[in-house]
1. Taking the mean number of other Cβ atoms within 10 Å as a proxy for protection, how do you rank A:155-164, B:203-212, A:237-246 from highest to lowest?
2. Just add up the charged neighbours of B:H51: K/R +1, D/E -1, any other residue whose Cβ is under 10 Å from the Cβ of B:H51.
3. How much net charge surrounds B:G208 when only other residues with a Cβ under 12 Å from its Cβ are counted (Lys, Arg +1; Asp, Glu -1)?
4. Mind checking which of B:S155, B:S265, B:S244 has the largest fluctuation in a GNM of chain B, springs on alpha carbons under 10 Å?
5. If one takes the accessible area of chain A alone plus chain B alone and subtracts that of the pair, with a 1.4 Å probe, what total in Å², rounded to the nearest 100, results?
6. Rounded, prolate or oblate: which fits the stretch A:13-218 when a ≥ b ≥ c are the square roots of the eigenvalues of the alpha-carbon gyration tensor, with rounded for a/c under 1.5 and prolate only if a/b beats b/c?
7. What pairs from A:K78/B:K275; B:K168/B:K252; B:K14/B:K195; A:K20/A:K60; A:K60/A:K83 go past 26 Å between their alpha carbons?
8. Hey, rough spin-label estimate for B:E185 and B:A312, points 7 angstrom out along Cα→Cβ, what's it come to in nanometres?
Amino acid sequence: MTVSRRSDNGSLVKIVVTVKQVPDPNSTILLEPDNTLARDREVVLDPGDECGIEEGLQLKEAHGGEVVLVSMGPERAKDAIRKGLSMGADRGVLISDEQLAGADVLLTARALAAAIKPEKPDLVICATESYDGSTGMVPPMLAELLGLPQMTIAKKVEVDGSTVKVHRQTADGYQVVEASTPALITVTAGIAEPRYASLKGIMAARSKEIKQLGLSELGIERGEPGETIDGLADAEARKAGAIIEDDGTAVDRIIQVLAQAKVV
Amino acid sequence: MANVWVYAELNAGKLQSTALELMAKARELGDVYAIALGTGAKAAAATLGKHGAKVVHVNEDKAFDEYVAEPSADALAALHGQHQPDLILFAFTPDSRDVAGRLAARLGKGLISNASDVVAKDGGFVARVPYFGGAKLASMRANGKPAIVLVRPKSFEASESGGTADVKELAVTIGEGSKRARIVERVAEASEKVKLEDAKVVISGGRGMGGPDNFPLLEALANALGGAVGASRAVVDAGWVPYSMQVGQTGKSVRPGVYIAVGISGAMQHTVGMKASKVIIAINKDAEAPIMKMADLGVVGDALKIVPALTAAVKAKKG
């Protein structure tokens with residue numbers, strides 16, 4: 001295992017990557033009739049997190065250091081961490097506690113911050129948003145709780161000594177944003193093509209450490225949730241229209257629809 | 001009357017349209033105090049007044065333009081120390097998300113993001129949040145005060161209500177400790193001829209387009225129809241097209257007259273950003289794709305053949 005130490009010349013970086021186990025985005029069954037999440041869905045390491053891990057590994061390869069994966073979830077979330085370890089990350093931390101079931105965004109950020117703080121990372125890498133929640137609110141909360149500057153939606157990251165520079169995607173292009181380490185960044189899925197775990201990597205991951213922490217060890221109490229779901233209703237559904245096979249007349253049908261909508 | 005704050009986002013000195021959308025809802029919910037920070041804040045205050053702000057707190061410190069999130073969070077936290085709002089509305093945009101997250105964490109409050117509506121209920125606020133691509137609508141109650149809610153762009157229609165805001169200087173000093181993540185350069189990529197958010201027709205491509213080399217087929221159709229080209233998250237993630245073209249949950253929300261989804265399966269991530277379109281046409285090789293169930297017209301076939309033929313037909317029709 002690589003041993004990391006903070007270094008003033010920046011030759012080594014200690015990187016924490018937050019990871020999450022999510023329902024497989026490729027499966028389509030989402031809800032049971034009673035509005036609960038379908039439980040038998042396959043769960044996978046969030047594909048966005050794979051890109052975060054890849055970026056972390058590339059930075060480690062360029063600068064030396066250590067990549068630590070931190071996750072929150074039930075026991076089975078260890079599988080997601082293990083996958084990241086097999087890609088090459090050094091070790092994992094899983095926050096797991098029954099009291100965290102249904103945790104809101106603030107509690108999630110507080111628990112992650114408590115687990116990350118003692119690691120004293122130079123860089124915290126998060127995905128811009130998770131595949132299941134897709135709200136992207138944990139990273140800025142985490143940055144605030146860790147006292148770090150944040151650079152979100154990075155499509156490119158450069159580390160030079162103690163300076164981190166990112167290309168941050170915007171609605172009409174990108175911004176170049178820089179800060180000194182330690183800092184938190186969120187990366188887009190396009191930042192790096194995740195590597196496949198090699199057989200050697202998979203074997204090595206089996207003996208890598210995954211430390212498990214509960215809320216009491218983190219010194220956190222659950223507290224009142226910031227928000228509560230009052231109800232879940234069917235949204236006004238669009239009614240399905242006609243579905244036609246293209247037998248050569250499809251273009252005419254589309255033109256008819258466009259004409260009705262008065263765009264041709 | 002409830003005390004409602006609107007974080008009026010400015011970008012490079014320009015008031016964002018989302019701020020005025022929020023104003024339309026905020027003035028239904030209570031007395032509106034808008035906060036405008038950075039270059040252009042005072043000019044924005046006049047506009048915000050016309051849209052119903054009773055008071056606009058402004059500060060034109062350049063730190064708000066130059067540094068990410070922290071100066072704005074400082075200013076809002078300072079103001080929160082003086083006036084306790086019942087509700088703070090943010091737009092669900094990248095910049096406002098960054099600020100809202102930091103502020104909520106600093107205040108130790110929860111927040112509700114990705115909302116499509118906010119209503120007053122039982123002395124507090126309930127936000128409507130689309131889930132599962134908009135198939136379900138959750139009612140989320142904010143337990144703390146202030147309620148912090150981030151609302152999806154295009155959820156409300158901006159309109160002037162007349163009026164003049166009382167403009168107040170927001171007294172805050174931005175310390176060096178908050179000047180950390182610095183924006184050193186803003187780069188505009190090839191600007192679209194028609195803005196995606198404003199286009200009357202949007203043609204979006206997904207993985208079914210086969211590769212980035214086929215996207216010009218969509219551009220040709222968009223040109224013929226006077227529309228704009230969008231994309232699914234999958235192809236943006238794959239690097240085929242820039243993020244500025246992404247339609248969906250964390251991309252842009254659009255509600256054009258006609259939305260043509262080409263080779264897009266219709267994952268909830270995508271549909272939440274386009275389901276409010278008036279007419280949806282889907283072209284996909286898979287008749288079982290979720291997009292087909294919400295399209296007014298679903299065409300099962302080869303997009304790479306249908307799109308060029310459609311472009312030619314549109315051109316012929318328009319003469």
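1. B:203-212, A:155-164, A:237-246
2. Charge balance near B:H51 sits at 0.
3. Once all neighbours under 12 Å are counted, the net charge is 0.
4. B:S244
5. Roughly 6700 Å² of accessible surface disappears when A and B pair.
6. It is rounded, given that a/c, with a ≥ b ≥ c, falls under 1.5.
7. A:K78/B:K275; B:K168/B:K252
8. Label at B:E185, label at B:A312, 4.4 nm between them.
The values are calculated or read from the model by the stated rules, or taken from the named source; none is laboratory data. Computed from a predicted structure; not experimentally measured. Reconstructed Cβ throughout: ideal geometry from the backbone, glycine too, with neighbour counts over all protein chains shown. Note: areas computed on protein heavy atoms with side chains; ligands, DNA, RNA excluded. Shrake-Rupley method; radii C 1.70, N 1.55, O 1.52, S 1.80 Å.
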